[in-house]
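Readers should treat all values here as calculations from the given coordinates under stated rules, not as data from a laboratory. Source: prediction; values computed, not measured. For neighbour counting, all protein chains shown are included, and Cβ atoms are generated from backbone atoms with ideal geometry for every residue, glycine included.
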Amino acid sequence: MTGTTEQVTDEDVALEWRRRAERPGLARVMRASQPDTLNTGVTEQTRQVVGDQLALVAEHLGHRPRSALEIGCGIGRLTPTIAAHADRVHAVDMTPAMLDQARAACGGLATVDFSCERIDRMAVPRQRYDTAVCVWVLMHVLDEEQLTAACHTIAASTRYLTLIEYEGANVPVSRWSRLRTLDEYLALMPGGEVVDRRVVDYGGDTSFAALIGFGGEAGR
Ligand SMILES: C[S@@+](CC[C@H](N)C(=O)[O-])C[C@H]1O[C@@H](n2cnc3c(N)ncnc32)[C@H](O)[C@@H]1O
């Protein structure tokens, strides 16, 4: 794992997300230093990968996912893509100002609902979601205990997970991010098995995009 060791409190993190929610356009959920054209291209590429992996989930389940959990939906950049592949989507985010924008962006989508939750404090649902999508969220969970709680909750809450996180960056990683490998996340997700793995190259920066199945037969 790389990143700074500087102490950052929960309140600092919450304030940073409130600040980011005030940025223009895609910079609210992507690097502000990147040109808009790169952010737009990366977003298209990410939607494609998420859509491909949700189609793979449908193949494995033998039907289109009936329920999907989007973890850290931000401004709803990827929510319509998930809604196009699942009967119902529950999208959560810890930042009210991000959720307001996601609700506005997805206003026409009757199958999506939103709630303000932190994934590391979320209760495990009685019934697993068929699938979940988590893009560039866990890399921002700085506290290792919170990361463990988040990963355990995810592993117990869904049959499949598309997890996309930066693993290599060309520029120094900010104090708000931690680069971790897929194996480091998997070690915190009991029963997780990689079903599909891709490397997504964003002009030098790389993310892994992993489709993870949980619980052996439960994941089939
Ligand atoms: C970089 S943005 C990515 C948003 C979205 N997944 C996307 O790809 O466009 C990270 C989002 O995760 C949210 N977030 C960060 N930590 C979280 C946590 N512990 N629980 C829920 N949401 C969290 C932030 O509020 C922010 O909206």
Which order, highest average first, do 56-66, 31-41 follow once you tally other Cβ atoms within 10 Å for each residue and take the mean per peptide?
-> 56-66, 31-41
Given 45-51, 122-128, the highest-first ranking by average Cβ count within 10 Å works out to 45-51, 122-128
Quick one: Kirkwood hydrodynamic radius for the stretch 107-220, alpha-carbon pairs, angstrom, one decimal?
-> 14.9 Å
Output the peptides 96-105, 192-201 sorted from most to least packed, where packing is the average of other Cβ atoms within 10 Å over each peptide's residues.
-> 96-105, 192-201
Coordinate range along principal axes, alpha carbons of the chain, Å, largest first = 43, 38, 33
Amide H to amide H, which residues 5 or more places from residue 88 or on other chains are under 5 Å from it, using H placed in the peptide plane?
-> 67, 68
All-pairs alpha carbon distance profile, the stretch 126-186, 10 Å steps from 0, percent | 20, 53, 22, 5, 0
Pairwise Cα inverse-distance average, inverted: Kirkwood Rh of the stretch 32-91 (Å) | 12.4 Å
The answer for the chain, counting only DSSP H helices whose Cα atoms cover 27 angstrom or more along the axis and whose Kyte-Doolittle average is -0.5 or greater, is 36-61
Convex hull volume of the Cα atoms in the stretch 32-151, per residue, in Å³?
-> 115 Å³
